[in-house]
1. Can you name the residue in segment 67-85 that is of a type in the set (A, V, I, L, M) and surrounded by fewer than 13 Cβ atoms within 10 Å (Cβ to Cβ) and, of all such residues, is nearest to Y116 (Cα to Cα)?
2. Mind listing just one residue for me: the one in segment 72-126 that is among the charged types (D, E, K, R) and under 24 Å from the mean Cα position of the chain (by Cα) and, of those, modelled with the lowest pLDDT?
3. Quick check on my filter: what residues within segment 49-71 are modelled with pLDDT of 65 or more, among the hydrophobic types (A, V, I, L, M, F, W, C) and not in a helix (DSSP H, G or I)?
Amino acid sequence: MPGSTGLTAYIPLIVMFVLAAGFAVFSVTSAPFIGPRRYNRAKLDSYECGIEPSPQPVVGGGRVPVAYYLTAMMFILFDVELVFLYPYVLNIDALGLFGLAAVLVFLVPILIAYAYEWRRGGLDWS
């Protein structure tokens, strides 16, 4: 059949999905039988990790400054940016000027946002 050759290319993908779904179902159904059964009062309480809560707050604990979250978001942003730039670097000769223009359209807004964040003091750890 001439039309069946296109569908055979998807067989490895379908097999991978079936294996992943089978592993997920097996893991979820077998966990109660295989896992440990050492429960205490704190572990059975709602929203507890199994450690007895102390009535006193931890010294130095409390709220985390927003700068930590901003730094984490900027790390993710630049990490994803590098992932998208990697294929361009591999095919730089084949893409030519069109590839350069596409990368500039991608990079310029990110660099503007980076300069804005730097100018506003978001990268200062004071």
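1. M73
2. Residues of segment 72-126 among the charged types (D, E, K, R): 79, 81, 93, 117, 119-120, 124.
In the following step, the residues that additionally are under 24 Å from the mean Cα position of the chain (by Cα) were identified as 79, 81, 117.
Details: D79: 87, E81: 85, E117: 82.
Across segment 72-126, the extreme among qualifying residues is E117.
3. V64
The values are calculated or read from the model by the stated rules, or taken from the named source; none is laboratory data. All figures in this text were calculated on a predicted structure; none of them were measured in a lab. Please note: Cβ atoms are built from the backbone with ideal geometry, for glycine as well, and neighbour counts cover all protein chains shown.
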